[in-house]
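Worksheet for the structure shown next.
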Amino acid sequence: MDEPARPRRMAPVPSEVPAGPTAEELMVRVAKGDERAFELLYDQFAGPIYGLVRRIVRDAAQSEEVAQEVLVELWRTATRYAPAKGSALNWAMTLAHRRAVDRVRSARASTEREQKATFEAARGRPFDEVAESVTARLERSQVRRCLSFLTDLQRESVLLAYYQGYTYREVAEVLSTPQGTIKTRLRDGLIRLRDCLGVTA
């Protein structure tokens with residue numbers, strides 16, 4: 001009787017798949033100009049960086065822009081990374097936090113400057129120019145919030161002038177109302193908006 005065939009010895013299966021390079025190793029390669037290393041690093045860091053920036057900046061489009069700026073900064077400044085001072089991810093997140101805070105401060109300062117310039121420039125100028133200036137400079141969200149404090153007549157006129165770009169003469173034609181009445185509505189509405197926004201003349 002033939003002996004049963006002996007099973008062939010199987011090659012040992014490795015217990016773990018070899019790990020890829022660490023973020024720290026990739027940073028060293030990026031510092032030498034290795035574009036492939038930067039692609040791998042980008043894949044690892046893009047998500048965490050965007051998440052951190054989004055929590056600070058809030059706005060999605062601006063967060064994407066800041067996150068891209070941070071990743072570009074990583075490419076440009078990789079030579080400054082010192083592994084002895086911490087992980088590559090912590091270093092990247094520190095850069096992201098700094099950029100995000102700078103963006104928020106810059107946006108806030110810009111809004112304050114624009115509001116101040118708008119109302120400084122408005123004094124003594126014809127009404128049409130004032131309305132145009134307010135439309136161009138004020139944040140729409142703030143204006144919408146303050147519109148709720150206007151009377152129905154003021155809001156009706158202001159919406160046409162602010163959001164559809166009509167002059168007070170055109171508003172008068174649309175509403176079949178005397179120009180003098182419309183001009184008064186818009187002037188009073190502008191004063192209320194200014195007070196709501198906390199801008200002092």
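The values are calculated or read from the model by the stated rules, or taken from the named source; none is laboratory data. Everything numeric in this text was worked out from a predicted model, so none of it was measured. Because the Cβ atoms are built from the backbone with ideal geometry, glycine has one as well, and the counts that use them run over all protein chains shown. The accessibility values were calculated without ligands, DNA or RNA, using every heavy atom of the protein model including side chains. Shrake-Rupley method; radii C 1.70, N 1.55, O 1.52, S 1.80 Å.
Within the accessible surface of the range 21-110, defined with a 1.4 Å probe on protein heavy atoms only, the carbon and sulfur portion equals 50 percent. Heavy-atom accessible area with a 1.4 Å probe sorts 106, 87, 176, largest first, into 176, 106, 87.
Heavy-atom accessible surface of the range 16-105, averaged per residue, reaches 61 Å², computed with a 1.4 Å probe. Note on residue 98 and residue 44: the model spin-label points, each 7 Å out from Cα along the C-beta direction, lie 2.1 nm apart.
Fully extending the segment from residue 77 to residue 64, taken as 0.36 nm per residue of separation minus the present Cα-Cα distance, adds 2.7 nm. I need the shape label for the range 16-105. Rule: rounded when a/c is under 1.5, else prolate if a/b > b/c, else oblate, with a, b, c from the alpha carbon gyration tensor. Cα axes put the range 16-105 in the prolate bin.
If I take R0 = 41 Å and measure r between the Cβ atoms of residue 87 and residue 148 in this structure, what FRET efficiency does the formula 1/(1 + (r/R0)^6) give, to the nearest 0.05?
On the way: r = 49 Å, r/R0 = 1.20.
That pair, residue 87 with residue 148, gives E of 0.25.
Scanning residues 5 or more positions from residue 167 or on other chains, none has an amide H under 5 Å from its amide H, with H placed 1.01 Å from N in the peptide plane. Full extension of the chain between residue 109 and residue 31 gives 24.6 nm of extra length, using 0.36 nm per residue less the Cα-Cα distance.
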